[in-house]
Amino acid sequence: MKALTVRQPWAWALVHGRQTSEWRSWPTRHRGNLLIHAGLGTDQDGSKLYPEAFDSMIHGAIIGAVHVVDCLKLGERDYEWVLENPEAFDAPQPCKGRLGIWNYTPS
């Protein structure tokens, strides 16, 4: 299944429905289910937005999924991936992340 690595707290926000778009400097043709991998990095500026969940956010694991329904061009190098149906998994799957959209194979 396809996966995307996202830094915390944005990964948490995506799978809990707090963020319904992902902004990237590159477009995607992918439509459908997309696993969300919480990377090892943290965006400290973003940590202020979700203080109630920040200390319990998981890193280095697949933590949930979303459904990609569209990709909109917003500027010369800005794209908004429109997402629906967020789902946070009860049992995160530890794994290494990668750049771009990548194939996740459970071990």
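Which whole-number percentage describes the relative contact order of the chain, with Cα contacts under 8 Å and a sequence gap of 6 or more? Across the chain, relative contact order equals 38 percent. For Y104, the residues 5 or more places off, or on other chains, whose built amide H falls under 5 Å of its own are K2, A3.
Rounded to the nearest 500, what is the 222 nm mean residue ellipticity of the chain from helices alone, with -39500 (n - 2.57) per DSSP H run of 4+ residues and division by all residues? Each step should come with its number before you reach the end.
Numbers: 2 runs with 10 residues, N = 107.
Only helices count here, giving -2000 deg cm²/dmol.
Electrostatic bookkeeping for I101 treats Lys and Arg as +1 and Asp and Glu as -1; over the other residues with beta carbon under 13 Å from its beta carbon, the sum is +4. Overall size of the chain from C-alpha positions, given as principal axis extents largest first: 36, 34, 23 Å.
Computed from the coordinates by the stated procedures, all read-outs in this text should not be read as laboratory data. These figures come from a predicted structure and were not determined experimentally. Don't worry about glycine lacking a Cβ; one is built from the backbone with ideal geometry, like all the others, and counts go over all protein chains shown.
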